[in-house]
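Student: Take this structure, written in structure tokens, and hold onto it; I'll ask about it next.
The values are calculated or read from the model by the stated rules, or taken from the named source; none is laboratory data. Being a predicted model, the structure only gives us computed values, none of them experimental. Here Cβ is always computed from backbone atoms with ideal geometry, including for glycine, and neighbour counts include all displayed protein chains. When the accessible area is computed, the model is the full protein with side chains, heavy atoms only, and any ligands, DNA or RNA have been set aside. Shrake-Rupley method; radii C 1.70, N 1.55, O 1.52, S 1.80 Å.
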Amino acid sequence: LRNGLIEVASVIVGQVERSVDAWETQDHAEAAQVIAGDDEVDFRCKELERMAFDLVLLQAPKAHDLRLIHTGLIITVALERVGDLALAIARRVEAMEPSRPIPEVDALLKRMEPRAISALSQSVQAFAREDTGLAIVAKSDARSVQELLEGVMQAASHRAADHDTAPWLANAVLLARHLERVSNNAAEIAGRVRFVAEGGDPV
């Protein structure tokens with residue numbers, strides 16, 4: 001179950017990375033790959049849920065194993081949500097009209113993107129290793145993404161978009177919100193690490 005979660009998480013991190021790359025380059029072919037890969041993500045998440053329920057029914061796990069299965073179900077849901085966010089970003093790329101970016105908003109997005117991906121990667125690694133210290137770092141990265149979202153919203157509200165920039169700005173705000181939700185789900189995963197490792201309260 002743990003290995004399956006790590007494998008699915010790796011696929012989903014890749015989906016987020018590709019969707020963000022597609023946004024940056026406006027690469028419709030790469031966006032299409034993300035969209036095509038979403039069915040596999042959904043299938044693998046459902047398989048993990050089935051495995052977790054089977055383990056509870058057939059193995060009667062206790063203590064650490066039961067905490068791992070319980071947390072695995074929560075993480076599977078969080079990962080599936082992140083996969084849906086990658087899909088939403090890719091669909092934005094496909095639907096986006098040609099327009100000119102706004103530099104100050106674009107600069108904030110370029111800071112958000114790696115931090116959201118880093119928070120997700122670190123949270124998965126923290127779960128895999130049961131490393132509460134790394135989980136705390138992942139949550140810190142996730143908080144910084146939330147702060148950057150506020151910056152994007154402020155910059156967007158103070159910038160008068162014209163015909164050449166309005167489509168880009170509308171999509172940029174949606175991208176920022178999606179990245180913030182990726183980081184929220186990363187924080188959810190990271191917050192469960194202490195419970196798995198020690199039986200303690202979430203980080």
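Student: Among the listed residues E7, E40, which satisfies the condition of being among the charged types (D, E, K, R), under 16 Å from the mean Cα position of the chain (by Cα) and surrounded by fewer than 17 Cβ atoms within 10 Å (Cβ to Cβ)?
Tutor: Exactly one of E7, E40 is among the charged types (D, E, K, R), under 16 Å from the mean Cα position of the chain (by Cα) and surrounded by fewer than 17 Cβ atoms within 10 Å (Cβ to Cβ), namely E7.
Student: Restricting to region 19-37, and then to whatever is modelled with pLDDT of 95 or more and among the β-branched types (V, I, T), can you tell me which residue is surrounded by the fewest Cβ atoms within 10 Å (Cβ to Cβ)?
Tutor: I35
Student: In the list Q154, Q146, which residue meets the criterion of being open to solvent by 30 Å² or more (accessible area, probe 1.4 Å) and in contact (Cβ under 8 Å) with a residue 24 or more places away in the chain?
Tutor: Going through Q154, Q146 in turn, the sole match is Q146.
Student: Continuing with this model, one more query. If I69 satisfies all but one of (1) under 28 Å from V173 (Cα atoms); (2) in contact with a Leu (Cβ under 6 Å, 6 or more places away or on another chain), what's the number of the condition it fails?
Tutor: Here I69 clears every test but (1).
Student: Same structure, new question: Could you please give the count of residues in region 1-23 that are touching a residue at least 24 places away in the same chain (Cβ under 8 Å) and farther than 26 Å from A52 by Cβ?
Tutor: Residues flagged as touching a residue at least 24 places away in the same chain (Cβ under 8 Å) and farther than 26 Å from A52 by Cβ within region 1-23 amount to 6.
Student: Can you name every residue in region 118-140 that is of a type in the set (A, V, I, L, M, F, W, C) and under 14 Å from the mean Cα position of the chain (by Cα)?
Tutor: Answer for region 118-140, where residues must be of a type in the set (A, V, I, L, M, F, W, C) and under 14 Å from the mean Cα position of the chain (by Cα): A119, L120, V124, A138.
Student: State the number of residues belonging to region 112-132 that are in contact (Cβ under 8 Å) with a residue 24 or more places away in the chain, among the small types (G, A, S) and under 13 Å from S144 (Cβ atoms).
Tutor: 2
Student: Which of the residues belonging to region 157-180 are within 15 Å of R81 (Cβ to Cβ) and buried (at least 18 other Cβ atoms within 10 Å of the Cβ)?
Tutor: H178, L179, E180
Student: Step by step: first the residues of region 64-79, then only those that are open to solvent by less than 70 Å² (accessible area, probe 1.4 Å) and hydrophobic (A, V, I, L, M, F, W, C), then the one that is nearest to S19 (Cα to Cα). Which residue is that? Write out each step before concluding.
Tutor: Quick first cut of region 64-79, residues open to solvent by less than 70 Å² (accessible area, probe 1.4 Å) only: 64, 67-69, 71-79.
This time we only want the ones that are hydrophobic (A, V, I, L, M, F, W, C), so: 68-69, 73-75, 77-79.
Values: L68: 30, I69: 30, L73: 25, I74: 24, I75: 21, V77: 20, A78: 18, L79: 15 Å.
Looking at the filtered set, the residue picked out is L79.
Student: From the residues in region 85-102 that are within 22 Å of V13 (Cβ to Cβ) and of a type in the set (A, V, I, L, M, F, W, C), which one is surrounded by the fewest Cβ atoms within 10 Å (Cβ to Cβ)?
Tutor: A88
Student: Here are the criteria: (1) modelled with pLDDT under 90; (2) buried (at least 22 other Cβ atoms within 10 Å of the Cβ); (3) among the polar types (S, T, N, Q). Tell me which single one Q59 does not satisfy.
Tutor: Unmet for Q59, out of (1) modelled with pLDDT under 90; (2) buried (at least 22 other Cβ atoms within 10 Å of the Cβ); (3) among the polar types (S, T, N, Q): (2).
Student: Then there is this: Among V105, V82, which is the only one that is in a helix (DSSP H, G or I), at pLDDT below 95, aliphatic (A, V, I, L, M) and open to solvent by less than 10 Å² (accessible area, probe 1.4 Å)?
Tutor: On inspection, the qualifying residue turns out to be V105.
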